[in-house]
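Some notes on the structure that comes next.
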């Protein structure tokens, strides 16, 4: 599990796309047990006025309607520690592990994931952290709204 | 808090709409502290091939992008005990309470909601339960897929 995983690279690429679109720069990528990318996406709160399309939700949504077996052994890569909603979505679909870019900017439901038997790995990506720091400095209100704080 | 609340009636109405569309018959309605309906919706897994649009998520999505203050004192009405994803969404936006139709068909994240300080009320609606029983009897596979079990 490292920053060189294809899933992590895709998630970071999604986060950068989000930033370029003027959105909250968080990306995610859902990878099946066999390594196939099932879905990838980024936070669309600003772009679509969406209250639910956080990065992990976009990745799940883009993966489409799948049977439970598709998520068996799957990994959710995300550039930031998942919020309570995205944590719950990972629990609902019983992904095997969540690999996150960093949790310095925001610490989400990692404890709850672990309580539910989902492995959590923090790859401590300086690039993910720097991208969030840049965004939050530029648009603190948009960030606080995204995490339900403002 | 009862089955005669406007929010509960709207949620049940959404559940029936979902059934009529051939979908999973679960509805929800988000009501602000002042009684105004912010958003309502129903499960769209089958209709839209969506992995994320459960009833509560649809209600939140239809309410649109709102500041945290809009959710202060808000109530999420839902015809069925919320799954882990919808539970997490209610926690993210810090709704004050969740009023659910029943939890006999499915018991979701009620304990987690309470742990996070959200009031949970079960109105024990025979109508909600009967609607789910009818759907599950007709389409057991679709139901199990919706809760990540098949």
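The values are calculated or read from the model by the stated rules, or taken from the named source; none is laboratory data. All values reported here derive from a predicted model rather than from experimental measurement. Virtual Cβ from ideal backbone geometry, glycine too; neighbours counted across all protein chains shown.
Structural remarks
- Filter pass, residue A:44 being surrounded by fewer than 24 Cβ atoms within 10 Å (Cβ to Cβ) and either within 20 Å of residue B:89 (Cβ to Cβ) or at pLDDT below 95 (or both): yes
- Look at segment A:129-150: where a residue is within 14 Å of chain B (Cβ to nearest Cβ) and a partner is in a loop (DSSP other than H, G, I, E, B) and exposed (fewer than 14 other Cβ atoms within 10 Å of the Cβ), sitting 6+ places away or on another chain with Cβ atoms under 7 Å, you get A:141/A:150; A:144/A:150; A:145/B:67; A:150/B:67.
- Condition check for residue A:52: within 13 Å of chain B (Cβ to nearest Cβ) and either surrounded by fewer than 22 Cβ atoms within 10 Å (Cβ to Cβ) or free of Cβ contacts under 8 Å to residues at least 60 places away in the same chain (or both): yes
- Pick from segment A:82-98, criterion more than 17 Å from residue B:52 (Cα to Cα) and surrounded by fewer than 24 Cβ atoms within 10 Å (Cβ to Cβ), ranking: nearest to the other protein chains (Cβ to nearest Cβ): A:96
- If you go through segment A:108-127 and keep only what is over 14 Å from residue A:89 (Cα atoms) and surrounded by 13 or more Cβ atoms within 10 Å (Cβ to Cβ), you end up with A:119, A:120, A:121, A:122, A:123, A:124, A:125, A:127.
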